[in-house]
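The values are calculated or read from the model by the stated rules, or taken from the named source; none is laboratory data. Since the model is a prediction, treat every value here as computed from it, not as a measurement. Cβ placement follows ideal geometry from the backbone for every residue including glycine, while neighbour counts extend to all protein chains displayed. Note: areas computed on protein heavy atoms with side chains; ligands, DNA, RNA excluded. Shrake-Rupley method; radii C 1.70, N 1.55, O 1.52, S 1.80 Å.
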Amino acid sequence: MSNVTNVLLCGVGGQGVLLASEVLALVAAEEKAQVKQTEVHGVAQRGGSVVSHLRFGDLVYSPTVRTGTGDILVAFERLEAVRYGHYLKPGGLMLINDIEVMPGQMGEYQPYPTGIIEFLQSKAFKIEEIPATALAKAHGNSKVSSLIILGALSSYLDLSQQAWERVIRKRIPPKLVDINLQAFKVGVEMAQAKAQAAVDRAECN
């Protein structure tokens, strides 16, 4: 890897942001890249906003992604994509889990904001929505949505699928490894299908 890759993962407590960030950091380290990762900011409890900065490459000095330099923002919830979108560079990629979680006490005063995806598209980011929560429920366990998101993310990073599998097997408790590997594969296949559909549309045009 000749360049540094800047990734942010954000969501709310209880969605698996911490686990996903740790897995990504371990995979990057397996590929012999330097890895720097911040501690999670915000309130890492159920319902509180959580964000993790992660940078990896040949030579990494700081763990913090500077505003406007992020390559990929992985949002486990729609509104968190808005909260941290300013970290992305122009044309940066946003992977957004298609779910709405009302933050904190906001629900006591107003409804969940509408038009979030349209707003983000107006900022010229590349947007990919991931129905990870729905897919996880369809596969029998809503808790594996974070692995579906990681599977989708893996399609956009220069990290081998073998490294991802090794880390998942090491990091996930043995009794849960199979279902999490299946969820990861669902995310990979979904991202690949989206990419192929985009190619097909371009060829038709």
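The alpha carbon gyration tensor of region 108-205 gives principal lengths a ≥ b ≥ c with a/c of 1.5 or higher and a/b no greater than b/c, which makes the shape oblate. Contact order, relative form, for region 57-178: 20 percent (alpha carbon pairs under 8 Å, 6 or more residues apart, mean separation divided by residue count).
Entry note, region 8-94: relative contact order of 32 percent, from Cα contacts under 8 Å with a spacing of 6+ residues.
At a probe radius of 1.4 angstrom, the accessible area of the chain per residue rounds to 51 square angstrom.
For K123, the lysines whose Cα comes closer than 17 Å to its Cα, not counting residues fewer than 8 places off in the same chain, are K89. According to the square roots a ≥ b ≥ c of the eigenvalues of the Cα gyration tensor, what is the shape class of region 53-169, taking rounded for a/c under 1.5, prolate for a/b larger than b/c otherwise, and oblate for the remainder? Taking the square roots of the gyration eigenvalues as a ≥ b ≥ c, region 53-169 is oblate.
Of [x] 19.0, 65; [y] 18.9, 73; [z] 16.4, 48, which is the value of Rg and Dmax of the Cα atoms in Å derived from the coordinates here? Identified label for the calculated read-out: [z].
Is it possible to state the helix-based mean residue ellipticity at 222 nm for the chain, with each DSSP H run of 4+ residues giving -39500 (n - 2.57), the sum divided by total residues, to the nearest 500 deg cm²/dmol? What is it?
Numbers: 7 runs with 83 residues, N = 205.
-12500 deg cm²/dmol, from helical runs alone.
Which is the longest part of the chain that has none of the chymotrypsin sites (Phe, Trp or Tyr not before Pro) sitting in a DSSP loop with at most 10 other Cβ atoms within 10 Å?
Details: sites that count: Y61, Y109.
Excluding the exposed sites themselves, the longest stretch runs over 110-205.
Here the contact order of the chain, divided by its residue count and restricted to Cα pairs under 8 Å and six or more residues apart, works out to 19 percent.
At what distance in nm do the modelled label points of E31 and N3 sit from each other, each positioned 7 Å from its Cα along Cα→Cβ? Simple spin-label model gives 1.3 nm for this pair. Close amide H contacts of G48 (hydrogens built in the peptide plane, cut-off under 5 Å, sequence separation of 5 or more or a different chain): G13. From the square roots a ≥ b ≥ c of the eigenvalues of the alpha-carbon gyration tensor of region 57-96, which class results: rounded (a/c under 1.5), prolate (a/b over b/c), or oblate? Because a/c hits 1.5 or more and a/b exceeds b/c, region 57-96 counts as prolate. Rounded to the nearest whole Hz, the Karplus-based 3J(HN,Hα) values (6.51 cos²θ - 1.76 cosθ + 1.60, θ = phi - 60°) of region 84-93 follow the sequence 10, x, 5, 6, 6, 7, x, x, x, 9, with x at glycine and proline.
Could you tell me what percent of the accessible area of the chain is made up of carbon and sulfur, with a 1.4 Å probe and every protein chain present? Its accessible area is 51 percent carbon and sulfur atoms.
For a straight C-alpha distance cut-off of 18 angstrom, the lysines reachable from K185 (same-chain residues fewer than eight places away being disregarded) are K137, K143, K170, K175, K194.
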